[in-house]
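Asker: Dropping a structure here in structure tokens format, bear with me for questions.
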Amino acid sequence: MNLVGTGFAGMAMAIKLREAGFVDLLMIEKAADLGGTWRDNVYPGCACDIPSHLYSLSFAPKADWSRLYPQQPENYRRHFMIN
């Protein structure tokens, strides 16, 4: 199965498909790295505009956000997307 995009939604879909037994996945990304919006937006002060606990995957909530509105480097954490 092919998935287009490795942003937040693409990574969430890949996780759920693997859980459902689809292990032969090909993720297609136009950029050189994972991350979508948080990979591309790196301007000074870039941060989330919703509370961090709402910006977690419902099936894998992140409990250790550093602040209520996290900045870009924390949102882009690759390990959050691929663990």
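Every number in this text was worked out from the coordinates using simple rules, so none of it is lab data. Bear in mind that the values here come from a model prediction, so they are computed numbers and not experimental data. Glycine gets a Cβ as well: all are built from the backbone with ideal geometry, and neighbour counts include every protein chain shown.
Asker: Give the residue that is surrounded by the most Cβ atoms within 10 Å (Cβ to Cβ), with candidates limited to residues of region 44-57 that are free of Cβ contacts under 8 Å to residues at least 12 places away in the same chain and farther than 13 Å from GLU74 by Cβ. Please lay out each step first, then the result.
Answerer: Keep residues of region 44-57 that are free of Cβ contacts under 8 Å to residues at least 12 places away in the same chain, which gives 44, 54, 56.
Among the residues that remain, those that are also farther than 13 Å from GLU74 by Cβ are: 44, 54.
Working: PRO44: 6, LEU54: 9.
Here the answer is LEU54.
Asker: List the number of the failed condition for ALA9; all other conditions in (1) in a loop (DSSP other than H, G, I, E, B); (2) without any contact (Cβ under 8 Å) to a residue 40 or more places away in the chain; (3) aliphatic (A, V, I, L, M) hold.
Answerer: Tallying (1) in a loop (DSSP other than H, G, I, E, B); (2) without any contact (Cβ under 8 Å) to a residue 40 or more places away in the chain; (3) aliphatic (A, V, I, L, M), ALA9 fails exactly one: (1).
Asker: Has region 25-39 got at least one residue that is surrounded by fewer than 16 Cβ atoms within 10 Å (Cβ to Cβ), free of Cβ contacts under 8 Å to residues at least 24 places away in the same chain, of a type in the set (Gly, Ala, Ser) and over 16 Å from PHE8 (Cβ atoms)?
Answerer: So far as region 25-39 goes, yes, one or more of its residues are surrounded by fewer than 16 Cβ atoms within 10 Å (Cβ to Cβ), free of Cβ contacts under 8 Å to residues at least 24 places away in the same chain, of a type in the set (Gly, Ala, Ser) and over 16 Å from PHE8 (Cβ atoms).
Asker: Just name the residue that is surrounded by the fewest Cβ atoms within 10 Å (Cβ to Cβ) out of those in region 1-18 that are under 22 Å from ASN41 (Cβ atoms) and not small (Gly, Ala, Ser). Before the answer, list the steps.
Answerer: Narrowing region 1-18 to residues under 22 Å from ASN41 (Cβ atoms): 3-14.
With not small (Gly, Ala, Ser) added as a condition, the list becomes 3-4, 6, 8, 11, 13.
Working: LEU3: 17, VAL4: 11, THR6: 21, PHE8: 17, MET11: 21, MET13: 16.
Out of the qualifying residues, it is VAL4.
Asker: Looking only at region 12-42, which residues are charged (D, E, K, R) and in a helix (DSSP H, G or I)?
Answerer: Our first condition is that a residue be charged (D, E, K, R); within region 12-42, this holds for 16, 18-19, 24, 29-30, 33, 39-40.
Result: LYS16, ARG18, GLU19, ARG39, ASP40.
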